[in-house]
Amino acid sequence: AQSVAQPEDQVNVAEGNPLTVKCTYSVSGNPYLFWYVQYPNRGLQFLLKYITGDNLVKGSYGFEAEFNKSQTSFHLKKPSALVSDSALYFCAVRDADSSYKLIFGSGTRLLVRP
Amino acid sequence: NAGVTQTPKFRILKIGQSMTLQCTQDMNHNYMYWYRQDPGMGLKLIYYSVGAGITDKGEVPNGYNVSRSTTEDFPLRLELAAPSQTSVYFCASSDVGAYGYTFGSGTRLTVV
């Protein structure tokens, strides 16, 4: 069965420091991976996706994610965190059995302190 | 371009009442979804639709019903509301291939 794990409920980082939000996946076949962000009282917004090609994917708001097939990981990164990056982040993988459905992780709350 | 529109934004229901959460998209997407979000639990799929007239159950369909009479609309019906249905509900849509969802802003439902 396909699954996505986000091992950290919360990540704390100081403004200006690099940040990493971790995601590992389990899927049969080639993975289609996504990151979404949720700001307070808002819906989820698409950040970036990996379908194929370069293992380093660049997305919105300066975020990027690194796909690592051997470690089955898709960690979200940003070189320099902003206080405004504080939000809830979700990793998702396309369901291999139903290509139009996504399976979401449990979410990681990112807190960037000034 | 409105994207995915959900109404209402907030609602308080009494146990046993029923209501319909509305969802409309203007992107001509074939696929539509209803999720519920509980604290620390991520998103759970309630129902989904691959096109007008076609719906199917997700992970947690009990206590809910849906219909898809048009491409644009995908309402979620709660019958006999229960406290366990207190949650934030998100509607989403996507084009072919699930290359990404567009989410609505959510409906926060409290059942008391």
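The values are calculated or read from the model by the stated rules, or taken from the named source; none is laboratory data. Quick caveat, the model's predicted, so the values are computed rather than measured. Neighbour counts run over all protein chains shown; Cβ positions are idealised from the backbone, glycine included. Just the protein is used for accessible areas: all its heavy atoms, side chains included, with ligands, DNA and RNA removed. Shrake-Rupley method; radii C 1.70, N 1.55, O 1.52, S 1.80 Å.
Which residue, of B:82, B:52, B:92, is open to solvent by 50 Å² or more (accessible area, probe 1.4 Å) and of a type in the set (A, V, I, L, M, F, W, C)? On inspection, the qualifying residue turns out to be B:52.
Within the stretch A:88-106, the set of residues being more than 7 Å from chain B (Cβ to nearest Cβ) and in contact with an Asp or Glu (Cβ under 8 Å, 6 or more places away or on another chain) comprises just one member, A:103.
Given the condition away from every other protein chain (no Cβ under 12 Å), closer than 23 Å to residue A:107 by Cβ, under 15 Å from the mean Cα position of the chain (by Cα) and in a strand (DSSP E or B), answer yes or no: does some residue in the stretch B:88-107 qualify? No, every residue in the stretch B:88-107 fails to be away from every other protein chain (no Cβ under 12 Å), closer than 23 Å to residue A:107 by Cβ, under 15 Å from the mean Cα position of the chain (by Cα) and in a strand (DSSP E or B). Filtered by the rule that a residue be more than 9 Å from every other protein chain (Cβ to nearest Cβ), open to solvent by less than 50 Å² (accessible area, probe 1.4 Å) and β-branched (Val, Ile, Thr), the stretch A:25-56 gives A:27, A:37.
Screening residue B:16 against (1) surrounded by fewer than 21 Cβ atoms within 10 Å (Cβ to Cβ); (2) in a strand (DSSP E or B); (3) touching a residue at least 24 places away in the same chain (Cβ under 8 Å) leaves a single unmet condition, (2).
So that you can scan it fast, the table gives a plain yes or no per residue for (1) in contact with a strand residue (DSSP E or B) (Cβ under 7 Å, 6 or more places away or on another chain); (2) part of a loop (DSSP other than H, G, I, E, B); (3) among the acidic types (Asp, Glu):
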residue	(1), (2), (3)
A:11	yes, no, no
A:16	no, yes, no
A:25	yes, no, no
A:46	yes, no, no
A:77	yes, no, no
A:97	no, yes, yes
A:112	yes, no, no
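Contact annotation: residue pairs with Cβ atoms under 6 Å, 6 or more positions apart or on different chains, pairing a residue in the stretch A:27-53 that is touching a residue at least 24 places away in the same chain (Cβ under 8 Å) and over 21 Å from residue B:9 (Cβ atoms) with a partner that is charged (D, E, K, R) and surrounded by fewer than 20 Cβ atoms within 10 Å (Cβ to Cβ), are A:34/A:49.
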